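Enquirer: Sharing a structure with you now.
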Amino acid sequence: MKGIKSKFWGLLLIVFCCAFMAGCAGATVDTNLTVHDDGSGVRNIIVNIDSENFKSDFNGTYDDLNRTASDNCPEGMKYTFNQTDSGTTLNFDIEFSSVEEYNDKIHTIPGAENYSSEIIIMPKSVWGDGISIYEGFSSTDLLGWLSDALVDAGMVSEDNRSYIFETGKNHLDVPGYSNDTGEYYSYSNVSYAPLNTVYVYTEVTDFDKFNKSYYFDVSVDGGKERKDAIKKDFMDKVPKGVVVETTENSYYVTFEIEAKDLSLDAVKELDGILFPGSTFKETEGKSKDYFTFSRQIDEEIDLSSYICVSNQSISFNNYVKTPNYYELGSDLNYMSPFSNTSTDGQKPGYRCMIGMVTSAQIKGDASFAYAKKYYIESADYITKLLGPDKFEKTIVLNFSSTPSEEDKNASMDKLFKALNPGFDFAQLNADQRILKDGTGADECEVIVSSEGNSIKIYVKGSTSNVNEKIKNLTGYSDTLTYTDDSAFYKLNYKAAVDDFVYIDAISSNVEKSFKLNYTLDFGKSAKVIHCDNDKAVIEGGVIKISATSFNGTVAVAELRNTKMILILAGVVLLLILILVLILVIANGKKAKEKRAQKKAKPNAYAAAPDIKQGNVPVAPVPNNIVKFKPEPNITNVSSTYKPQGVDETPVSDPEPKVPSNDEVVCPGCGAKLKAGSRFCTECGHPV
């Protein structure tokens, strides 16, 4: 009997407590949730306080209640106040134009930041149609901010904070359904093809070329009857040239979409068609290596168009494949590798990153980074001494694969800009990467060129100029040092060169079988007398070293003092010129004296008349011709001549008579010739 009494009093106590708690509720909260096909709608929260409860459970006036609710109402709610004789109504409306806006407004209400709210509206499509709603909170939970405000204002005691509001009626109004529901909204009326798994395969065939494959695995239940409609929908949406196929087994209907030779923009376009709402961003990497080209692709795949019910989950798999000479990772800054295991086996050789997409988080990460690298197979490194403190360096980098013209040009641009920082590259002819800077001893020349699978770097200038350019390129200073003991009086002198090789500073992309062919050339007239590398082959003034690993060398050579030799040669040449000049002057004086002596002799023919008759050829005088002696002019014989006898006294030749105007005398033999004769008919002498 005592036991029965104890149970009775215990039960009575529980009933009393429940009745007390129910009696403490000062207001009831009714809710109407309306959602339309386009995702817009309104949530009406109606707080009803009758006059008796207000008097018993609240302190202050209705104006105090209205002011407290109005001053503290969250931004996402629209508040109105109605008062009648029977009671007071506080209306809080949450209006929204989309499901996303509704969720945002819910989460801005104080205390509701972490509430789960999910409304999925599936427009009628090949994948399904209907609406699914699930919420993990009630309208009473959303009014926690009002309970706090009423307690802070002194209108409700702290002890009654938890009992101010009591859930009343909840009503749901959606397309095809209108009815009262429980305290938490939960509703689903969807017919759909349940997508189970999505595979995205990206093959990087070249830096800007891609092959894409997409696999959509749909459960046979629900997917089989929609197979043809889904395939047609894919075919209607994708660009021309994209192939859509279907396969089927006992578990899944698989839709396979294949696209080849896509540009980056085409990849972005296709992803946007298949996954509306996805985000795609690409970033070019800024690698310090001159022969590395990298890119980061950040992409979030939006699968919301395939989510049909609140409890649906989709396995999302992102696979990427690159050529052998590429590097692949999830981030450019740290190329952390993907998993090397392919879980589905459909596409061997791919590396993957797997993630789960649920109805609460409908984004799949499809980001990845890749880098194309050209590896150096060998290098020809030539340092040539052109003269005291004057060098030319030639570096020929030979790649194991031939870079594309675009990549070669990009690499040469990087090299040229590094060698010549601050240079206005816009003024450079891209086909001729040549820069001549400075004048005289400070003149420096830089050339970057290419041929086949090689890129050549050429620098010419003083030791300091060459060092400056190489420091710009590699970051190393004083890679070349030159000293000599030359003097103006020495015909031969010694020169020392310390040459440091820095191929690894130009690029870290070096093949394991890399080979360096090094040459240090002091010139044809030089003779190497020391080299600190025991592998060096020395021929006159040239050092050659072939090695897989080599940092540089120190060498000393004996050279001819070209300046001194040129000075001596100049002095000798000057002396020769002076001697020649003296001889010329002396010979000139002698010739002048001879001409003066010749002019001083009398001219035997000075009285002869000028009988120039032109350029008449003169025949030589025969030796057998006797000179004609003119007979005496008998017309001049004196009248005293006596014919009776002959005077034996020798008579001298008479003076020649001056010829008459119709005669001339030969200047050679004295013969009388007819006037106008050109030469003597006796001796042939010109007249």
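Values quoted throughout were computed directly from the atomic coordinates according to the rules given, and no laboratory measurement underlies them. All values reported here derive from a predicted model rather than from experimental measurement. Glycine also receives a Cβ, built like all others from the backbone with ideal geometry; neighbour counts cover every protein chain displayed.
Enquirer: Taking the Cα centre of each part, how many Å lie between the stretch 458-476 and the stretch 121-155?
Expert: That distance is 70 Å.
Enquirer: Now a separate question. List the residues whose amide H sits under 5 Å from the amide H of Ser401, counting only those 5 or more places along or on another chain, with H placed 1.01 Å from N in the peptide plane.
Expert: Result for Ser401 returns Tyr375.
Enquirer: Another question, then. Hey, rough spin-label estimate for Asp532 and Ser404, points 7 angstrom out along Cα→Cβ, what's it come to in nanometres?
Expert: The two pseudo-label positions are separated by 4.5 nm.
Enquirer: Given a cut-off of 30 Å, name the pairs among Lys469/Lys512; Lys268/Lys288; Lys373/Lys527; Lys321/Lys456; Lys268/Lys456 whose C-alpha atoms lie farther apart than that in the structure shown.
Expert: Numbers: Lys469/Lys512 28 Å; Lys268/Lys288 28 Å; Lys373/Lys527 42 Å; Lys321/Lys456 32 Å; Lys268/Lys456 38 Å.
Pairs exceeding the cut-off: Lys373/Lys527; Lys321/Lys456; Lys268/Lys456.
Enquirer: Here's another thing I want to ask about it. How far, in nm, would the chain grow between Asp298 and Asp478 when pulled straight, counting 0.36 nm per residue and subtracting the alpha carbon separation?
Expert: Numbers: separation 180, 0.36 × 180 = 64.80 nm, distance 4.27 nm.
Contour length minus the Cα-Cα distance gives 60.5 nm.
Enquirer: Further question: Could you tell me, in Å, what Rg and Dmax come out for the Cα atoms of the stretch 512-578?
Expert: Over the stretch 512-578's Cα set, Rg and Dmax evaluate to 18.2, 67 Å.
Enquirer: Please list the equivalent ellipsoid semi-axes of the stretch 401-491, computed as the square roots of five times the alpha-carbon gyration tensor eigenvalues, in descending order and whole angstrom.
Expert: Numbers: eigenvalues 178, 44, 32 Å².
Here the semi-axes work out to 30, 15, 13 Å.
Enquirer: Which of the aspartates and glutamates could a cross-linker span from Lys124 if the Cα-Cα distance has to be under 14 Å and same-chain partners fewer than 8 positions apart are dropped?
Expert: Once the sequence-local aspartates and glutamates are set aside, what remains near Lys124 is Asp37, Asp38, Asp233.
Enquirer: Still on this structure, please answer the following. Extending each Cα 7 Å along its Cβ direction at Thr562 and Thr681, get the distance between those two points in nm, one decimal.
Expert: The two pseudo-label positions are separated by 8.2 nm.
Enquirer: What FRET efficiency comes out for Asp233 versus Asn453 if R0 is 51 angstrom and r is the Cβ-Cβ distance? Round to the nearest 0.05.
Expert: So the FRET efficiency works out to roughly 0.60.
Enquirer: Going by average Cβ density within 10 Å per residue, which order do the peptides 485-493, 109-117 take, highest to lowest?
Expert: On the way: 485-493: 11.4, 109-117: 14.7.
Most protected by this proxy first, the peptides run 109-117, 485-493.
Enquirer: As an exercise, use a Förster radius of 45 Å and the Cβ-Cβ distance of Ala586 and Lys384 to find the FRET efficiency, rounded to the nearest 0.05. Each step should come with its number before you reach the end.
Expert: Working: r = 50 Å, r/R0 = 1.12.
Step by step, r from the Cβ atoms, then E = 0.35.
Enquirer: Could you rank the peptides 193-200, 180-187 by their average count of other C-beta atoms within 10 Å per residue, with the highest value first?
Expert: Values: 193-200: 21.2, 180-187: 15.2.
My ranking of the peptides, most packed first, is 193-200, 180-187.
Enquirer: Would you please classify the overall shape of the stretch 96-211 from the alpha carbon gyration tensor, given that a ≥ b ≥ c denote the square roots of the eigenvalues, rounded means a/c under 1.5, and beyond that prolate means a/b larger than b/c while oblate covers the rest?
Expert: Numbers: a/c = 3.95, a/b = 1.92, b/c = 2.06.
Oblate, since a/c reaches 1.5 and b/c is not below a/b.
Enquirer: Same structure again: What are the extents of the Cα atoms of the stretch 195-320 along their three principal axes, in Å, largest first?
Expert: Taking the Cα atoms of the stretch 195-320, the three principal extents are 56, 32, 24 Å.
Enquirer: Hey, can you grab everything whose amide H is under 5 Å from the amide H of Val687? Only 5+ residues off in sequence or another chain; H modelled, so Pro and N-termini drop out.
Expert: Amide H neighbours of Val687: Phe679, Cys680.
Enquirer: Sort 297-306, 570-579, 206-215 by the packing proxy (mean of other Cβ within 10 Å over each peptide's residues), most packed first.
Expert: On the way: 297-306: 19.8, 570-579: 10.0, 206-215: 17.9.
Packing order, densest peptide first, comes out as 297-306, 206-215, 570-579.
Enquirer: Let me ask something additional. Please go through the residue pairs Lys390/Lys524; Lys471/Lys544; Lys417/Lys535 and name each one whose alpha carbons sit more than 26 Å apart in this structure. Spell out each step's value before the answer.
Expert: Numbers: Lys390/Lys524 15 Å; Lys471/Lys544 24 Å; Lys417/Lys535 35 Å.
With Cα atoms farther than 26 Å apart: Lys417/Lys535.
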